[in-house]
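The values are calculated or read from the model by the stated rules, or taken from the named source; none is laboratory data. Bear in mind the structure is a predicted one, so any value in this text is a computation, not a measurement. Here the Cβ positions follow ideal geometry from the backbone for every residue, glycine too, while neighbour counts run over all protein chains shown. Just the protein is used for accessible areas: all its heavy atoms, side chains included, with ligands, DNA and RNA removed. Shrake-Rupley method; radii C 1.70, N 1.55, O 1.52, S 1.80 Å.
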Amino acid sequence: MMLRMRGCCGAVINVVLAFIVSLFVSSSHAHTSEYFSLLQAYSSSNGYAWSRQENWLSNSDPCTGPAWYGVTCEGGYVTSINLDNVGMTGNLPDTFFSLPQLRSLILSNNRLNGAITSIISIRADTLQHLDLSNNEFNGALPTALGQLTSLRTLHLNNLKISSTIPMDICRLVNVQSLGLSGNRRLSGPVPSCIGQLTSLQILSLFNSSLAGPLPSSLASITTLTTLDVGSSGFNGFIPDIFTTKPNLAYIRLGWNNFTGAIPASLWQLSSPLEIDFSNNRLNGDII
């Protein structure tokens, strides 16, 4: 009986050991994969010339040992990369998007260029914050942006992109802050489906070449606190979109071609307001 018990326990121990080894191998493979993803990104964006690169490539696992500058890990996986203003150059490193648990990618204020073609659905289930503002990206906004459905923040301000806003952007139903300001070659209308972004709090389209009327579907976004579409080419009547926005506190519609009267519902908002309607062709009384 004792021999049987020992045999049984030995088998159990072997199974447990095999399970532990498999976990170690899987974990090592994951970390090796992340290391090479970051290594390729470092190399392709001239990492040797970054102004901040502390501990990069100092060990084979970015989540153990001395912390790599701008890299945050949780549970042994890279979850956040913040390389704002470090002097990155070249194209957008597509290997960032192969990191399996990446939730935040901030590469703003660098000199990255080329088309934003690396934004693909491979990490659509994890990426929540993406900021590529103040770079030299050109070309069109990719329709693949619509595949990043977990995004809460999308900031693509002050680039050199030349396109319209793709309808696919209306699939970002969890986005809370959408920034496309400072893109003077961004043209065409705001997609009428933008009202589907019912979690949106900040909409910034300032200083663009967007034109046409503001979509009346904006009335569906009750969470909006900031509406900034100044210094663009918008025209037509200002739609009555204000009654559904109790927290709206900042409105900039100045330096456009809006006509007609300011909707009376604007003055019924209870939140403190900062408003700019200057340099339009509005008429009527301001109550």
(request) Kindly list, by first and then second residue, each pair from a residue in the range 47-62 that is more than 23 Å from Gln101 (Cα to Cα) and free of Cβ contacts under 8 Å to residues at least 60 places away in the same chain to a residue that is part of a helix (DSSP H, G or I) and of a type in the set (Phe, Trp, Tyr), limited to pairs with Cβ atoms under 9 Å and residues at least 6 apart or on different chains. (result) Tyr48/Tyr42; Trp50/Tyr42
(message) Condition (residue is over 15 Å from the mean Cα position of the chain (by Cα) and modelled with pLDDT under 95) applied to the range 101-110: is it met by at least one residue?
(response) yes
(request) Report the residue count in the range 151-165 for those that are crowded, with 17+ Cβ neighbours inside 10 Å and in a loop (DSSP other than H, G, I, E, B). (result) 7
(request) Read through the list (1) buried (at least 16 other Cβ atoms within 10 Å of the Cβ); (2) at pLDDT below 95, then give the number of the only condition that Thr244 fails. (result) (1)
(message) Looking only at the range 32-68, filter to residues that are more than 12 Å from Val86 (Cβ to Cβ) and of a type in the set (Asp, Glu); which one of those is surrounded by the most Cβ atoms within 10 Å (Cβ to Cβ)?
(response) Glu34
(request) Considering every residue within the range 136-149, establish whether at least one is under 26 Å from Asn280 (Cα atoms) and buried (at least 17 other Cβ atoms within 10 Å of the Cβ). (result) no
(message) Condition first: open to solvent by less than 20 Å² (accessible area, probe 1.4 Å) and farther than 13 Å from Leu38 by Cα. Now tell me which residues in the range 69-89 satisfy that.
(response) Val86, Met88
(request) Determine which member of the set Ala261, Ala249, Ala211 is surrounded by fewer than 17 Cβ atoms within 10 Å (Cβ to Cβ), at pLDDT 95 or above and of a type in the set (A, V, I, L, M). (result) Ala211
(request) Provide a single number: the residues in the range 199-214 that are part of a loop (DSSP other than H, G, I, E, B) and either free of Cβ contacts under 8 Å to residues at least 12 places away in the same chain or closer than 24 Å to Ser133 by Cβ (or both). (result) 8
(request) For Leu102, work out the one condition from (1) buried (at least 21 other Cβ atoms within 10 Å of the Cβ); (2) not in a loop (DSSP other than H, G, I, E, B) it doesn't fulfil. (result) (2)
(request) Please tell me if Asn109 is touching a residue at least 40 places away in the same chain (Cβ under 8 Å), closer than 22 Å to Gly90 by Cβ and assigned to a loop (DSSP other than H, G, I, E, B). (result) no
